[in-house]
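A.B. asks: First the structure, which I've put down as structure tokens, then a few questions once you've had a look.
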């Protein structure tokens, strides 16, 4: 039985990786407000697959864009979770792993411990 669950997990992971590679970048890539905020160290990628405020004193425009993008990501994660029979949280975590790998040097990401770290 464990072998069947393990095989299913691998298949779900592969499907999610493919689906996220195709879909996730559109959820924030190329947004000039977010790109500038990431470069300034104000916004980063969280361990749950959503954007977060590294600094709480972000401008209202930045906060609004973070909320809008996170809403789009949530909708995408819900769809992918339904299609793969997994959870929204699992989709978010897989997305976070992909986002961390693509994070530019100097940009921030949140580790599993909840601390913000600048990518070397």
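The values are calculated or read from the model by the stated rules, or taken from the named source; none is laboratory data. The shown structure was predicted, so the numbers you read here are calculated from the model rather than taken from an experiment. We place every Cβ from the backbone using ideal geometry, glycine too, and count neighbours over all the protein chains shown.
A.B. asks: Among the residues of segment 107-118, what is the count of those that are in contact (Cβ under 8 Å) with a residue 60 or more places away in the chain and in a loop (DSSP other than H, G, I, E, B)?
C.D. replies: Selection size over segment 107-118: 4.
A.B. asks: Pairs only if they're at least six apart or on different chains, beta carbon under 8 angstrom, first in segment 54-77 and at pLDDT below 95, second assigned to a helix (DSSP H, G or I); list them, first residue then second.
C.D. replies: Listed by first residue and then by second, the contacts come to 58/37; 58/66.
A.B. asks: Next question. Please enumerate the residues belonging to segment 35-65 that are touching a strand residue (DSSP E or B) at 6+ places or on another chain (Cβ under 9 Å), assigned to a helix (DSSP H, G or I) and over 18 Å from residue 102 (Cβ atoms).
C.D. replies: 62, 63, 65
A.B. asks: Could you list, in sequence order, all residues of segment 64-76 that are buried (at least 16 other Cβ atoms within 10 Å of the Cβ) and over 12 Å from the mean Cα position of the chain (by Cα)?
C.D. replies: The answer is 65, 68.
A.B. asks: Step by step: first the residues of segment 78-96, then only those that are surrounded by fewer than 16 Cβ atoms within 10 Å (Cβ to Cβ) and in contact (Cβ under 8 Å) with a residue 60 or more places away in the chain, then the one that is farthest from residue 31 (Cα to Cα). Which residue is that?
C.D. replies: Filtering segment 78-96 for residues that are surrounded by fewer than 16 Cβ atoms within 10 Å (Cβ to Cβ) and in contact (Cβ under 8 Å) with a residue 60 or more places away in the chain, the one farthest from residue 31 (Cα to Cα) comes out as 85.
A.B. asks: Does segment 66-90 hold any residues that are part of a loop (DSSP other than H, G, I, E, B) and under 21 Å from residue 112 (Cβ atoms), and which are they?
C.D. replies: 86, 87
A.B. asks: Condition first: farther than 20 Å from residue 36 by Cβ and more than 12 Å from the chain's Cα centre (by Cα). Now tell me which residues in segment 77-110 satisfy that.
C.D. replies: If the condition is that a residue be farther than 20 Å from residue 36 by Cβ and more than 12 Å from the chain's Cα centre (by Cα), then 78, 79, 80, 81, 82, 83, 84, 85, 86, 87 are the ones that fit.
A.B. asks: Which residue is modelled with the lowest pLDDT, if the candidates are limited to segment 97-106 and must be in a loop (DSSP other than H, G, I, E, B) and either touching a helix residue (DSSP H, G or I) at 6+ places or on another chain (Cβ under 6 Å) or surrounded by 10 or more Cβ atoms within 10 Å (Cβ to Cβ) (or both)?
C.D. replies: 103
A.B. asks: Could you tell me which residue of segment 32-53 is surrounded by the fewest Cβ atoms within 10 Å (Cβ to Cβ), considering only residues that are in contact (Cβ under 8 Å) with a residue 12 or more places away in the chain and more than 15 Å from the chain's Cα centre (by Cα)?
C.D. replies: Within segment 32-53, the match that is surrounded by the fewest Cβ atoms within 10 Å (Cβ to Cβ) is 39.
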